[in-house]
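Accompanying notes for the structure given below.
The values are calculated or read from the model by the stated rules, or taken from the named source; none is laboratory data. Note that the structure is predicted; figures quoted are calculated from it, not measured. Note: ideal-geometry Cβ built from the backbone for every residue, glycine included; neighbour counts use all protein chains shown.
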Amino acid sequence: MTPQKPDTTEIAIVGAGPAGVAAAVIAARAGAAVTLLDENTNAGGQYYKQPTLTESGHKYPNSLASNIQQGRELLAGLNHPGIDLQCDTLVWNVSPEELVLYLCGPTGARALQAKRIIFSAGAYERVMPFPGWTLPGVIMAGGAQLMLKAQGLLPGRRFLLAGTGPLLQLAAVQLLEAGADIAAIVELQPRAEFLRTASKLWGHWDKLGQGIANQKKLLQAKVPIKYGHTIARALGENEVSGAVIMKVDGDGRPIPGSETTLEVDSICLNYGFIPATELPGIAGCAQYFDYNFGAYATKTNENLETSVAGIFAAGETCGIGGADVALLEGQLAGAVAARQLGLDPDTDEATLCQKQLQARTVAASLGKMFPVKPGLCALATDGVPVCRCEEISAGEVRAAIRMGVVQLNQLKPWTRVGMGRCQGRICGEILRQIVAHETGLALQEIQPFTARAPVKPVLLEEVGGAVADTGELTWEDHVGGYGVART
Ligand SMILES: Cc1cc2nc3c(=O)[nH]c(=O)nc-3n(C[C@H](O)[C@H](O)[C@H](O)COP(=O)(O)OP(=O)(O)OC[C@H]3O[C@@H](n4cnc5c(N)ncnc54)[C@H](O)[C@@H]3O)c2cc1C
């Protein structure tokens, strides 16, 4: 099979969230030909997700209106002749030497060669397992928000929100405004610790103001906030009918005898976020361990260049930072990439860089407020599934650890964890927590799964153009196991 010649562009951007959109707009205004790719149907990413239904048929809570409007204003910038926005297009592989991206979209599989690539693929929500966490009715808090934002849907009637971090209270307010009943918010951090660390945000009035406004709304609606608690079990046969919550000690370990049962039909979880680093990982971009958020992220220099020539990273993929950081980093990456192509963007990169660093400092303070505590691993008792795709239990993982298997890449062939549809995006962080808890290793000593193409499921028939004839594959290709990614 003769491989198709790749399409070409000057700057290819993966991910049309705040970072990717900001990068595209700045670079296109400077005169660059930009291709902006997103697997979603619309641009906007997670924070600026836009309603997919027509305006007249769509309801969303008041608290989301300004968010949706801000997103609309940002996305208006994409209406520029230099920007080719391609939605419903998954980037499933990258070849760093030639700066070629492999895409799968409405017109089938293609390759796209760029002079510069910007990865702005965002983040995933982090979860910690407990008995019943795979029951229908247990979803992620961000997932519930997205259903509200994009489709005006409430995923249940009576909710428990559990985990740690500011998203719990924000999502609760949005669900409340959409007519939901909130049984409780269960926050892992003890109240005193929460207030002590919150005081570090002194001076950052917008962040404090948002938090206080949310707390006020929750207080008015008489929503109990249980600090220093965790969800311990989801109840129900075929779907959620209740939840057991428990007090935790300083390590996050549930305290026996402190159980309370709540009647709910939906449980929304969030334990913060994990940077999406698969594509930079395949490209060979160096990563660093972000101690503030307890996860690996893509390493960049102050200009947001990664360790691989021609490849930039911006937004959550470089470390959890929030939408403000993503916007600033998108602008900076777009401007620097355009300047490297000999263009003259209308930006002051030094100022952008300074603002971005300040915004990252605030984000880091927030991250430190909401650590995932190791004692939570006690909830993943041996029968609890930790890799839902391959149905591998915590007990099977512990048995492998007892045999001396302590790195995720070793656990994978040993137990099949991380080999399913999610490719380790959900279970990878859970496994790192369990290995750390069982072995006493520090989280940063446990390397993430090696990223492999295709980063997300693609149909073999769709990527046929990028598949070599099996006759052309060598034994090394086969033992690599990913002939599909070869051209
Ligand atoms: C579910 C969820 C809910 C959130 N809710 C909030 C909130 O309410 N408030 C808040 O402050 N922050 C929220 N965040 C954090 C928020 O993501 C960031 O602050 C902000 O959106 C980061 O912008 P970004 O551009 O870096 O990434 P994102 O906005 O996440 O955008 C990344 C984009 O990349 C696309 N993408 C990823 N991989 C590929 C691929 N291989 N091929 C093609 N496209 C790809 C995704 O579809 C997405 O559109 C949420 C995050 C998540 C994951």
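Any residue in region 224-239 that is surrounded by 14 or more Cβ atoms within 10 Å (Cβ to Cβ), touching a strand residue (DSSP E or B) at 6+ places or on another chain (Cβ under 9 Å), β-branched (Val, Ile, Thr) and not assigned by TED's automatic domain parsing to the domain that holds ALA198? There is no residue in region 224-239 that is surrounded by 14 or more Cβ atoms within 10 Å (Cβ to Cβ), touching a strand residue (DSSP E or B) at 6+ places or on another chain (Cβ under 9 Å), β-branched (Val, Ile, Thr) and not assigned by TED's automatic domain parsing to the domain that holds ALA198.
For region 63-98, the set of residues classified as in a loop (DSSP other than H, G, I, E, B) and either buried (at least 21 other Cβ atoms within 10 Å of the Cβ) or within 21 Å of the chain's Cα centre (by Cα) (or both) consists of CYS87, ASP88, THR89, listed by residue number. Residue check: is GLN356 without any contact (Cβ under 8 Å) to a residue 40 or more places away in the chain and surrounded by 20 or more Cβ atoms within 10 Å (Cβ to Cβ)? Spelling it out, GLN356 is indeed without any contact (Cβ under 8 Å) to a residue 40 or more places away in the chain and surrounded by 20 or more Cβ atoms within 10 Å (Cβ to Cβ). Among the residues of region 423-449, those that are outside any helix (DSSP H, G or I) and either closer than 15 Å to ALA276 by Cβ or touching a Pro at 6+ places or on another chain (Cβ under 8 Å) (or both) comprise GLN423, GLY424, ARG425, ILE426, PRO448, PHE449. For ALA335, the conditions (1) within 12 Å of the ligand (Cβ to nearest atom); (2) part of a helix (DSSP H, G or I); (3) more than 15 Å from the chain's Cα centre (by Cα); (4) at pLDDT 95 or above are fulfilled apart from (1).
Every condition in (1) at pLDDT 95 or above; (2) more than 9 Å from the ligand (Cβ to nearest atom) holds for GLU39 except the one numbered (2). For GLY211, the requirement of being closer than 25 Å to LEU153 by Cα and either at pLDDT below 95 or not in a helix (DSSP H, G or I) (or both) is met.
Residue-by-condition table, conditions (1) under 13 Å from ALA121 (Cβ atoms); (2) within 12 Å of the ligand (Cβ to nearest atom):
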{"site": "LEU279", "(1), (2)": "yes, yes"}
{"site": "GLY284", "(1), (2)": "no, no"}
{"site": "TYR288", "(1), (2)": "no, no"}
{"site": "CYS318", "(1), (2)": "yes, yes"}
{"site": "ALA323", "(1), (2)": "no, yes"}
{"site": "ALA326", "(1), (2)": "yes, yes"}
{"site": "ASP344", "(1), (2)": "no, no"}
{"site": "GLU349", "(1), (2)": "no, no"}
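Considering only region 382-412, state which residues are part of a helix (DSSP H, G or I) and either in contact (Cβ under 8 Å) with a residue 40 or more places away in the chain or more than 25 Å from the chain's Cα centre (by Cα) (or both). ALA394, GLY395, GLU396, ARG398, ALA399, ALA400, ILE401, ARG402, LEU408, ASN409, listed by residue number.
All conditions but one from (1) in a strand (DSSP E or B); (2) touching a residue at least 40 places away in the same chain (Cβ under 8 Å) apply to ASP251; the one that does not is (1). Any residue at all in region 191-210 that's among the acidic types (Asp, Glu), within 14 Å of the ligand (Cβ to nearest atom) and surrounded by fewer than 22 Cβ atoms within 10 Å (Cβ to Cβ)? Yes; the residues of region 191-210 include at least one that is among the acidic types (Asp, Glu), within 14 Å of the ligand (Cβ to nearest atom) and surrounded by fewer than 22 Cβ atoms within 10 Å (Cβ to Cβ).
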